[in-house]
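Student: Can you keep this structure in mind? I'll have questions shortly.
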Amino acid sequence: MGPPAKKRGPGLALGIVGGVVGLVVLGSVGVGAVLESGFPAAEHELALPHKLLDEKYELAEDLSDTEGQKVEDEADGAWDAKDIHAVVGRYSPGGDDTKGMLLVSGMYGRFKNEADVRSGMLKGAGEAGGVTVTRPARDVTPAGADVTVSCEVLTQKQALVTITYPVCTWADGNTAAVVGEVDLQRKDSADVDLDTAARNTLKVRSEMIRPVG
C-alpha cells in the first residue's frame, strides 16, 4: 500500500480584507486511518474570553461558527487529532481595529504529535495569499514554560498597505492555537520581538484554557 492520503488541517493565515485584517483557514496535517491508541484524555478546552492579554484586547468578532467550522471540517479524519472543536476570534484594543489586533485560531480535543500540529499551523499561516515569511518558524519557548511555543514573522502587502507581524503557536495534548498580534504601524521584521510574542502567546493560552465541562 502507498502512503496515506494527505488532508488539510487547521491553521491561521492573516489576510488584509478591505483594509482590515481578517481570518482565513489554511494548513496541512497528514491523515490516514484513525488510530484509537495513544490519545490523551480530554481534560482541557478553550474558550474566547471577553478580554485577553490582561484586558488589553477586547473581543471584536467571534468567528467560531464560520471560520471555526472550517477548521473542524479540515481537521476531520486527521490521524493525530480527535474530537476537535474550534474557536476563532478577532480582538482589538477597546474595539478599535486601527490600534492593532490580536487574532486567535484555536482548537481543542485530543492530540498526538504536538510538534507536527505546531508546524502545520505555522505552515498554513505562511501560505496565505500575499504573505511572505520574513523570519522562518523556530522554537521560541520562554524559560520555565511547560509547553513549547513556535513563532515566525510574516509580512503581507495589499495595494498601499503593508503589515509585518509575529505569529506563534502552541500545541499540547488537549489544546492548540495560532496567535497573531498585529501592530499596523510596524513595517520591518527586525522590529518584531519574538520573545515577547511567545510570552504573550502563553499568556493568551492561560486566559483561554478551561477544565472540560
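Student: Explain nothing, just the number: dipole magnitude of the range 67-119 about its Cα centre with +1 on each Lys and Arg Cβ and -1 on each Asp and Glu Cβ, in debye rounded to the nearest 20. Please report the intermediate quantities before stating the final value.
Tutor: Numbers: 7 positive and 11 negative charges, 39 e Å.
Roughly 180 debye, rounded to the nearest 20.
Student: By what distance, in whole Å, do the Cα atoms of the range 84-204 stretch along each of the three principal axes, largest value first?
Tutor: Computed over the range 84-204, the largest-to-smallest principal extents equal 42, 29, 28 Å.
Student: Quickly work out the Gln69-to-Thr98 label distance, labels modelled 7 Å from Cα along the C-beta direction, and quote it in nm with one decimal.
Tutor: Those two pseudo-labels are separated by 3.4 nm.
Student: Which FRET efficiency value, to the nearest 0.05, is calculated for Ala145 and Lys187 with the Förster distance at 30 angstrom and r the Cβ-Cβ distance?
Tutor: According to the calculation, E is roughly 0.50.
Student: Taking 22 Å as R0, compute the FRET efficiency from the Cβ-Cβ separation of Leu53 and Val212 and round it to 0.05.
Tutor: Efficiency for this residue pair is about 0.35.
Student: Then there's this: Counting only protein heavy atoms and a 1.4 Å probe, tell me what percentage of the range 68-213's accessible area is made up of carbon and sulfur.
Tutor: The nonpolar share, carbon plus sulfur, comes to 47 percent.
Student: For the ranges 62-75, 96-109, what's the packing order if you count other beta-carbon atoms within 10 Å of each residue, average per peptide, and put the highest first?
Tutor: Values: 62-75: 18.8, 96-109: 21.9.
Ranking, from highest mean packing down: 96-109, 62-75.
Student: Send over a whole-number figure in Å² for the accessible area per residue of the range 90-213, probe 1.4 Å. Mind dumping the intermediate values first?
Tutor: On the way: 5090 Å² over 124 residues.
Each residue of the range 90-213 exposes 41 Å² on average to a 1.4 Å probe.
The values are calculated or read from the model by the stated rules, or taken from the named source; none is laboratory data. What you see is a predicted model, and the numbers here were worked out from it, not measured in a lab. Heads up, the Cβs are rebuilt from the backbone with ideal geometry, glycines too, and the neighbour counts pull from every protein chain shown. Please note that ligands, DNA and RNA were not included when accessible areas were found on the heavy atoms of the full protein model with its side chains. Shrake-Rupley method; radii C 1.70, N 1.55, O 1.52, S 1.80 Å.
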